[in-house]
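Trainee: Please read through the structure below; I'll follow up with questions.
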Amino acid sequence: MISNPSAETPVASKLEALLNLQRIDSQLDEIRRVRGDLPEEVQDLEDEIAGYEVRVSKFDEEISGLNDQIKQRKQNGKDADGLIKRYEDQQTNVRNNREYEAIAKEIELQKLEIQISEKKIKEAQYQIELKNNEISGTKQRLEERKKDLDNKKSELETIVGESESDEKKLMDERAEAVKPVEDRLLMAYTRIRGNVRNGLAVVTVKRDACGGCFNTVPPQRQADIIAHKKIIVCEHCGRVLADVEARIVA
């Protein structure tokens, strides 16, 4: 690392600030790594549960509409039955065959209306049965997912509880660590972190290799890095090479 803080150049100060920020972010990454996919799993379960609840609500609305249809069809049947009785009474007082046949035709039409209403009622009842079965299955899956969610939330709360204070402390440190970093460097740092798997945007050269991608760094380039005259990035992975760690000779 930088061996003589009193002789720091502006570039060295910038690199030291980036290294400090990287150190904090790496610790935060480790805390979040321990949580794994739990936050996403919790969110997915919450979304799935919301979807099931909407589905049940939609089925309930559809069943309500079908019940209204059944009610209306039953009323239509009663109305048709009343008309049939009235027409049959009229048939006893007809004056000729023409009137009789006209009334008979009206009676047939009303009987047909009753048959149609009965058919529609049976269809609606069948649809209600299907939808009730769907509701039953959906509610069963809903309860299962709610149990899964409770378990995942409990697991996540335990993990978060164990690291909450450490995370808050690190977040406070990070807020301070960001202040000395220039905006353009912070943007570059954030971009690099977003493009690499391990979140390492700023690394040191270890055993003649980049600490991020482990590709060899030539001696002359290492000398330039040690000189701290300019910010140098790895030609293979684009990470910032902040310093060269000295070899320990046994």
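Trainee: Go through LYS78/LYS131; LYS71/LYS111; LYS58/LYS78; LYS179/LYS230 and tell me which ones have a Cα-Cα distance over 25 Å in this structure.
Mentor: Exceeds cut-off: LYS78/LYS131; LYS58/LYS78.
Trainee: Here is a follow-up. About its Cα centre, how strong a charge dipole does the stretch 30-159 have in debye, to the nearest 20, once Lys and Arg get +1 and Asp and Glu get -1 at the Cβ?
Mentor: Dipole size: approximately 680 debye.
Trainee: Plugging the Kirkwood radius over Cα pairs into Stokes-Einstein for the stretch 181-245, at a temperature of 20 °C and a viscosity of 1.002 mPa s, what D comes out in µm²/s?
Mentor: 182 µm²/s
Trainee: Let me ask another. Among ILE107, VAL181, THR138, pick out the residue whose Cα is farthest towards the positive end of the charge dipole of the stretch 101-250, where Lys and Arg carry +1 and Asp and Glu carry -1 on C-beta, about the Cα centre.
Mentor: Of the options given, the answer is VAL181.
Trainee: If exposed trypsin sites (Lys or Arg not before Pro) are those in a DSSP loop with at most 15 other Cβ within 10 Å, what is the longest stretch of the chain that has none?
Mentor: 96-196
Trainee: Just want the answer: with Cβ charges of +1 for Lys and Arg and -1 for Asp and Glu, which residue in GLY51, ILE232, SER163 is farthest toward the dipole's positive end in the chain?
Mentor: ILE232
Trainee: Return an integer: the convex hull volume of the alpha-carbon atoms of the chain, in Å³ per residue.
Mentor: Convex hull volume per residue, Cα atoms: 235 Å³.
Trainee: Further question: Using θ = phi - 60° and the Karplus form 6.51 cos²θ - 1.76 cosθ + 1.60, what ³J(HN,Hα) does each residue of the stretch 117-127 get, whole Hz, x for Gly and Pro?
Mentor: Rounded to whole hertz, the list is 4, 4, 5, 5, 5, 5, 5, 5, 5, 5, 4.
Trainee: Could you give the dipole magnitude of the stretch 66-131 about its Cα centre, charging the beta-carbon of Lys and Arg +1 and that of Asp and Glu -1, in debye to the nearest 20?
Mentor: Dipole magnitude for the stretch 66-131 comes out near 160 debye.
Trainee: Right, another one. Using a 1.4 Å probe over the heavy atoms of the protein chains, calculate the carbon and sulfur portion of the accessible area of the stretch 1-114 as a whole percent.
Mentor: The nonpolar share, carbon plus sulfur, comes to 48 percent.
Trainee: Run the dipole for the chain about the Cα centre, Lys and Arg Cβ at +1, Asp and Glu Cβ at -1, nothing else charged, and hand back the magnitude in debye, nearest 20.
Mentor: Its charge dipole is roughly 620 debye.
Trainee: Right, something else. With no solvent and one equal point scatterer per Cα, compute the Debye intensity ratio I(q)/I(0) for the stretch 142-250 at 0.14, 0.15, 0.24 Å⁻¹ and report its log10, rounded to two decimals.
Mentor: Log10 I(q)/I(0), no solvent term: -0.75, -0.80, -1.23.
Trainee: Please give the net charge around GLU123, taking every other residue with its beta carbon less than 12 angstrom from that of GLU123, where Lys and Arg add +1 and Asp and Glu add -1.
Mentor: Here the count lands on +2.
The values are calculated or read from the model by the stated rules, or taken from the named source; none is laboratory data. Here the structure is a predicted model, which means the values were calculated and not measured. We place every Cβ from the backbone using ideal geometry, glycine too, and count neighbours over all the protein chains shown. What goes into the accessible areas is simple: the full protein's heavy atoms, side chains included, and nothing from ligands, DNA or RNA. Shrake-Rupley method; radii C 1.70, N 1.55, O 1.52, S 1.80 Å.
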